[in-house]
1. Tell me whether region 20-28 contains one or more residues that are in a helix (DSSP H, G or I) and either more than 33 Å from the chain's Cα centre (by Cα) or at pLDDT 90 or above (or both).
2. Filter region 94-104 down to the residues that are outside any loop (DSSP other than H, G, I, E, B) and surrounded by fewer than 10 Cβ atoms within 10 Å (Cβ to Cβ) and list them by number.
3. Check region 78-91 and report whether any residue there is free of Cβ contacts under 8 Å to residues at least 12 places away in the same chain, surrounded by 10 or more Cβ atoms within 10 Å (Cβ to Cβ) and within 31 Å of the chain's Cα centre (by Cα).
């Protein structure tokens, strides 16, 4: 690189800094894109995809946890319902027995 090239490069850098444009970042204007912009965008999308995959895995774990918890509560509900029906039938049979004896 010659001194002339170095000065032109320094001027370009200064011009980019003055305009506030990020050096090496992905540009929305196709005319201003550099050769590495697509690779950078691919890397950015790959990072986003990986984070989505991790979130998806966490959500799947959470769904499985709540599904198992729901099955447990459903089992408990059915057991309590069965116990309630048993107690109700025992109470009815005891009441009928007392009625038949004439105690009530």
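The values are calculated or read from the model by the stated rules, or taken from the named source; none is laboratory data. What you see is a predicted model, and the numbers here were worked out from it, not measured in a lab. Here the Cβ positions follow ideal geometry from the backbone for every residue, glycine too, while neighbour counts run over all protein chains shown.
1. no
2. Across region 94-104, the qualifying residues are 100, 101.
3. Scanning region 78-91, I find no residue that is free of Cβ contacts under 8 Å to residues at least 12 places away in the same chain, surrounded by 10 or more Cβ atoms within 10 Å (Cβ to Cβ) and within 31 Å of the chain's Cα centre (by Cα), so the answer is no.
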